[in-house]
């Protein structure tokens, strides 16, 4: 239930800039209680939201309808005079694995064009420590002509959205908050505490909050890299990695990480933001980048193992038919951004394989635009097929209904990345 904001005599007006996986749930929740304007430059996205459709599947029509004070726009004039601007745009990397701050730059320009004296700008996008005050603030100052910490103020509250997770949703995840002055920090914390039932944690400063966010994903990346390396070692030893992890997991403080592909817009990207900043300060990271390199190599590693299995089963590699199940970066989620499944596809294609991909969660047009792939129909395991290999790459619940036993009977190589198929049916797994 919303708590009152006693720092305001009247209810504040909020603008959320960027209506993706992070921004839309936030705008919808705030829109239940405060005048909230959802701003996005994608008109198609706005039209869909006005019609009650969220292609990310994070928010349903009932939740949108419940946000009675929420409106959508792409017109800067509509957001002038807001008390809070909350920026939730993506922070990707470029082809050289360097931070691509262009979405953040454009969002800051939009804020600068609309901001009025006294407003607070809160950034949620994952960045390197110092980015908000060193990079974003000067853009707002230049465009608006206002002075930071005199005419306008900034806060930071890193997003903690887990796409596809219907249990750990926005209001049920504790939120870090921070502000550029003590008064601003209190206002930002009060704002988020009004909707976050799990509570908030007020960090001592914006840089601390930025650093806390980026190391969350660096930590996960490094731990997954460790078990990925174990998988490479144990495969050479003829030991099943899952057996080893289950045995080790009997100790109460063993961390339950599993090997696999590391993609998406967070874990596979955010470590590069921290290493970029570190290197600009003269520190060349070792552990973080080593973990990144190893995790980025896992798609090629899986493809090579599948090729060896096909050879051992007597399949001709060139022109062989390989079916990959899943292209999204995680299970039961339509998000295909930075999916490392594509690394498996490309490596197999380099071997001359004919690769098809099936994924009922992914949008076919988005897959075609992003990866140049046409999604294949659902495989019918009960009929005779011409596949030489099947790779389970994403653990969508719907894939549990596939008849892998019939694939097994037809001498098809079955490789299970996600440890979801019955062990006796697979040729190998991570």
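Values in this text are rule-based calculations from the coordinates and carry no lab data. Keep in mind that what you see is a predicted model, and the values were worked out from it rather than measured. Note: ideal-geometry Cβ built from the backbone for every residue, glycine included; neighbour counts use all protein chains shown.
As a test of the formula, what do you get for the chain when each DSSP H run with n ≥ 4 contributes -39,500 (n - 2.57) and the sum is divided by the residue count, at 222 nm and rounded to the nearest 500 deg cm²/dmol?
Mean residue ellipticity at 222 nm (helix-derived): -11000 deg cm²/dmol.
According to the square roots a ≥ b ≥ c of the eigenvalues of the Cα gyration tensor, what is the shape class of the stretch 113-250, taking rounded for a/c under 1.5, prolate for a/b larger than b/c otherwise, and oblate for the remainder?
prolate
Going by average Cβ density within 10 Å per residue, which order do the peptides 313-320, 415-422, 70-77 take, highest to lowest?
The peptides rank, most packed first, as 415-422, 70-77, 313-320.
Roughly how tilted is helix 270-280, in degrees to the nearest 10 and between 0 and 90, from the longest Cα axis of the chain?
For helix 270-280, the angle is close to 70 degrees.
Would you mind giving the average projected area, over all directions, of the Cα convex hull of the stretch 297-429 in nm² with one decimal?
The orientation-averaged projected area of the Cα hull of the stretch 297-429 comes to 7.1 nm².
Please determine, in degrees from 0 to 90 and to the nearest 10, the orientation of helix 182-193 with respect to the longest principal axis defined by the Cα atoms of the chain, where the helix direction is its Cα long axis.
60 degrees
Using packing as a proxy for protection, rank 251-257, 107-113, 80-86 so that the peptide with the highest average count of other Cβ atoms within 10 Å comes first.
By packing density, highest mean first, the sequence is 107-113, 80-86, 251-257.
Expressed as an acute angle from 0 to 90° and rounded to the nearest 10, what is the orientation of the C-alpha long axis of helix 102-114 relative to the principal long axis of the chain?
20 degrees
Could you work out the relative contact order of the stretch 276-353? I mean the mean sequence separation of Cα pairs under 8 Å and 6+ apart, divided by the number of residues, in percent.
33 percent
Using the Cα atoms as the points, what is the convex hull volume per residue of the stretch 13-214 in Å³?
It comes to 112 Å³ per residue, whole-number rounded.
Normalised by the residues of the chain, what does the relative contact order come to in percent, with Cα pairs under 8 Å and at least six apart?
Computed over the chain, the figure is 11 percent.
I'd like the distance between the alpha-carbon centres of the stretch 383-430 and the stretch 183-248, rounded to an integer number of Å.
The stretch 383-430 and the stretch 183-248 have Cα centres separated by 31 Å.
Could you order peptides 147-154, 391-398 by the average number of other Cβ atoms within 10 Å of their residues, highest first?
391-398, 147-154
If I take every Cα pair under 8 Å that is 6 or more residues apart in the stretch 297-429, average their sequence separation and divide by the length, what percent do I get for the relative contact order?
Dividing the mean separation by the residue count of the stretch 297-429 yields 26 percent.
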